[in-house]
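Novice: One structure follows; several queries about it will come next.
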Amino acid sequence: MRDPRAEVLLRQIYFTGLQALPLTALSGLLIGLIMLLEISSIAGIQSAGVVVKLLLWLNLREMGPFFTGLIILTRSGTAIATELSTMKLNRELFYLEAMGIKIGNYLVIPRLIGASLSSIILTVYFQLFGLFGALFLASLLSSIPFSEYGEAIIANFSFQQMAVTFSKSLLFGLAISGISIWQGLSVKKSPTEIPQRATKAVTGSLFTLFLLDVIINLL
Amino acid sequence: MIKCTGLQGEFIKEALNIEVQKGSWAIYFKAQDEADEFFEMLLGFKKPLSGKLILMNKELNTISKEELFALRKRIGIVFPGGGLISNLRAWENMSLPALYHRVDSFEIIKEKGLKLLEELGFKKPPLTRISELTIFERVLIGLGRVFLLMPDIIIFHRIFEGLSGEEKGFIYSFIKSRKDFEGKAMLWILTQKEEEVFIPAVIFDTNEEVAK
């Protein structure tokens, strides 16, 4: 451990980002398959352009950031809230401040940055697995070669969609970690508050995800 | 280094007047609430109801939060039961304030820290989880943390609680044997009268107002 703040940041990225990779990849793949089956039942599996356009639209703009947000919320949001509330009840925050260590610098900022960066990375993973998994299945189900889907991706891909996906995942990561940190630090005296704060972190973050999603889509 | 005049609080009813300079000093409180209140006032966590508290020439009531944090960097504290952080391992706890405040380079802190662990007789691996440590081992890590920080003032806050006579004796002799604590101000906050035997220091007895 060289800089303790960097250590907290790396641990957050490891826990929120790296450890969640298999779950995110698998979820992305399954959601991608579901999206493909739904789209093909409406548009037909043979229309590669439409399938890809809808997949890209749904995956990049909605499913990727939102489902990744849900994964982060259930894994890391609850962990952050319970960890910080336990630390507060054990007087560990007092010990840190007494040693001249600022809670904001040492505990809050690295967690905010770590969760937000992880959110962006996991969203990209989710989208890659969702998109390519779905298209691989599509090429198996239809007579259209995978390369044709690849060309359709290039034709339909836009940087505007990427900007939306990055802003959503960044904001979702910030919102989840911010709310969970706030709930964790709001515990007062009793250990019975810990699960209550964890629940509030989940419900508060979930509501905020929906709200932010609507707001970004309206913009 | 520390000067209190007419200090009173929620639990400290009798006005407290003490002055701590370089060397080993101890203050004895009858009740834990009083000791904790004094400790919290000393670090600027709690405001006294009346009186003045001057720490390293700064009156705590009048300084900003930034100045307070700057002062805390110069104080080494050994908390009751070590005061360790549960999500960090033994070595990480020991090196945390020294690394955070960049007292030395990482290599020097590591070298000093590992040597200290050996001198403290800490037998478990440095990366042992806190939950696997006894109270005595936790206090040793807390003590090592202060040695690495090399502060101007060292406060030992009720550190003997839960320790056997032999363990108390070891801790006191270890501190006494350290050359690097010479010329520093050390304040022991006690709540158990019998602990005085371990501290051949100037004792402020808040109940009897006796100094020995």
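The values are calculated or read from the model by the stated rules, or taken from the named source; none is laboratory data. Worth saying up front: this structure is predicted, and the values here are computed from it rather than measured. Backbone-built Cβ (ideal geometry, glycine too); neighbour counts: all protein chains shown. Each accessible area value is taken on the protein alone, full model and side chains, heavy atoms only, with ligands, DNA and RNA left out. Shrake-Rupley method; radii C 1.70, N 1.55, O 1.52, S 1.80 Å.
Novice: For A:95-108, what's the mean count of beta carbons from other chains sitting within 10 Å of each residue's beta carbon?
Specialist: Average per residue, whole number: 6.
Novice: While we're looking at this one, here's another question. How much of the accessible area of region A:72-219, probe 1.4 Å, is carbon plus sulfur, in whole percent?
Specialist: 73 percent
Novice: Working with all protein chains in place, sort B:E37, A:E83, B:E14, A:E193 by solvent-accessible area computed with a 1.4 Å probe, largest first.
Specialist: Working: B:E37 5, A:E83 60, B:E14 130, A:E193 30 Å².
Sorted descending by solvent-accessible area, the residues read B:E14, A:E83, A:E193, B:E37.
Novice: Further question: If I ignore ligands, DNA and RNA and count only protein heavy atoms, how much of A:T74 is accessible to a 1.4 Å probe, in Å² to the nearest 10?
Specialist: Number for this one is 90 Å².
Novice: A follow-up question, please. Modelled label-to-label distance, A:E151 and A:S186, 7 Å Cα→beta-carbon offset: nm?
Specialist: Distance between label points: 5.5 nm.
Novice: Something else: Obtain the radius of gyration and the Kirkwood radius of region A:1-104 from its C-alpha atoms and give Rg over Rh.
Specialist: In region A:1-104, Rg relative to Rh is 1.22.
Novice: Across the residues of B:85-91, average count of Cβ atoms on other protein chains within 10 Å?
Specialist: For this peptide, the per-residue mean of nearby foreign Cβ atoms is 4.
Novice: Right, next: Quick check: the distance between the Cα centres of region A:128-144 and region A:1-25, to the nearest angstrom?
Specialist: Region A:128-144 and region A:1-25 have Cα centres spaced 31 Å from each other.
Novice: Rounded if a/c is under 1.5, else prolate if a/b is larger than b/c, else oblate: which is region A:57-102, with a ≥ b ≥ c the root eigenvalues of its Cα gyration tensor?
Specialist: In terms of gyration-tensor shape, prolate.
Novice: From the C-alpha gyration tensor of region B:134-179, pull out the three semi-axes of the equivalent ellipsoid (sqrt of 5λ each), sorted largest to smallest, in whole Å.
Specialist: After scaling each eigenvalue by five and taking roots: 18, 12, 9 Å.
Novice: Let me ask another. For A:S167 and B:T5, FRET efficiency with R0 = 56 Å and r from the beta-carbon atoms, rounded to 0.05?
Specialist: Calculated transfer efficiency: 0.45.
Novice: Based solely on C-alpha atoms, express the radius of gyration and the Dmax of chain A in angstrom.
Specialist: According to the Cα coordinates of chain A, Rg and Dmax are 20.1, 68 Å.
Novice: Then there is this: PRE reach from A:F136 (point 7 Å along Cα→Cβ): which of region A:17-58 fall under 12 Å by backbone N?
Specialist: From region A:17-58, the list is A:26, A:29-30, A:33.
Novice: Would you mind counting up the charge near B:L60? Only other residues with Cβ under 13 Å from its Cβ, with Lys and Arg at +1 and Asp and Glu at -1.
Specialist: +4
Novice: Roughly how far apart, in whole Å, are the Cα centres of region B:1-42 and region A:83-103?
Specialist: 23 Å
Novice: Kirkwood hydrodynamic radius for chain B: how many Å is it when counted over pairs of different Cα atoms?
Specialist: 17.7 Å is the Kirkwood radius here.
Novice: If you take the beta carbon distance between B:E182 and B:N87 as r and set R0 to 25 Å, what does 1/(1 + (r/R0)^6) give as a FRET efficiency, to the nearest 0.05? Can you show the working numbers first?
Specialist: On the way: r = 35 Å, r/R0 = 1.40.
Between B:E182 and B:N87 the formula returns 0.10.
Novice: Right, something else. Just B:I153, B:I141, B:I108 to compare: in a GNM of chain B, with alpha carbon springs under 10 Å, which one fluctuates most?
Specialist: Result: B:I108 has the largest fluctuation of those listed.
Novice: Something else: May I ask you to derive the FRET efficiency for B:K124 and A:A6 from their Cβ-Cβ distance with R0 = 22 Å, giving the value to the nearest 0.05?
Specialist: On the way: r = 26 Å, r/R0 = 1.18.
With R0 = 22 Å, the Cβ-Cβ based efficiency is 0.25.
Novice: Compute for chains A and B the buried accessible surface, both sides summed, probe 1.4 Å, and express it in Å² to the nearest 100.
Specialist: The buried area between A and B, both sides summed, comes to about 2500 Å².
Novice: Treating only the Cβ atoms of Lys and Arg (+1) and Asp and Glu (-1) as charged, compute the dipole magnitude of chain B about its Cα centre; round to the nearest 20 debye.
Specialist: Result for chain B is approximately 640 debye, rounded to the nearest 20.
Novice: Name the aspartates and glutamates eligible as straight-distance cross-link partners of B:K3: C-alpha to C-alpha under 18 Å, and not fewer than 8 places from it in the same chain.
Specialist: B:E14, B:E19, B:E34, B:D36, B:E37, B:E40, B:E59, B:E67, B:D152, B:D205, B:E209
Novice: Counting only other chains, and only Cβ atoms inside 10 Å, what mean value do you get across the residues of B:68-80?
Specialist: Averaged over the peptide's residues, the number is 3.
Novice: Using a 1.4 Å probe and counting only protein heavy atoms, arrange A:F136, A:F67 so the residue with the most accessible area comes first.
Specialist: A:F136, A:F67
Novice: Using a 1.4 angstrom probe and counting only protein chains, how large is the accessible area of B:K47 in Å², to 10?
Specialist: In the full protein context, B:K47 sits at about 150 Å².
Novice: A further question follows. If the only charges are +1 at each Lys and Arg Cβ and -1 at each Asp and Glu Cβ, what is the size of the charge dipole of the protein assembly as shown around the Cα centre, to the nearest 20 debye?
Specialist: Working: 45 positive and 42 negative charges, 77 e Å.
Here the protein assembly as shown has a charge dipole of around 380 debye.
Novice: Rg over Rh of the protein assembly as shown, using C-alpha atoms and the Kirkwood radius, what does it come to?
Specialist: Computed over Cα atoms, the ratio is 1.14.
Novice: A follow-up question, please. Within straight cross-link reach of B:K123, meaning Cα distance under 19 Å, which lysines are found once same-chain residues fewer than 8 apart are removed?
Specialist: Those lysines meeting the cut-off are B:K110, B:K112, B:K115, B:K168.
Novice: With a 1.4 Å probe and all protein chains left in place, how much of the accessible area of chain B comes from carbon and sulfur atoms, in whole percent?
Specialist: Ligands and nucleic acids excluded, carbon and sulfur reach 51 percent.
Novice: Please compute the per residue accessible area over the protein assembly as shown with all protein chains in place, 1.4 Å probe, rounded to a whole number of Å².
Specialist: Details: 19500 Å² over 431 residues.
Using a 1.4 Å probe on heavy atoms only, each residue of the protein assembly as shown averages 45 Å².
Novice: Report the per residue volume, in Å³, of the convex hull enclosing the C-alpha atoms of region B:48-106.
Specialist: In region B:48-106, the Cα hull volume divided by residue count equals 128 Å³.
Novice: Using a simple spin-label model with points 7 Å from Cα along the Cα→Cβ vector, what separation in nm is obtained for B:S50 and B:A15?
Specialist: Between B:S50 and B:A15, the label points sit 0.7 nm apart.
Novice: I'd like to know how region A:117-209 sits against the 2.2 N^0.38 Å rule of thumb: what's its Cα Rg over that expected value? Don't skip to the end; give the middle numbers.
Specialist: Working: Rg = 19.7 Å, N = 93, 2.2 N^0.38 = 12.3 Å.
Against the compact-globule rule of thumb, the ratio is 1.60.
Novice: Further, regarding this structure: Given a cut-off of under 8 Å on Cα pairs at least six residues apart, what relative contact order in percent is computed for region B:1-96?
Specialist: Relative contact order comes out at 27 percent.
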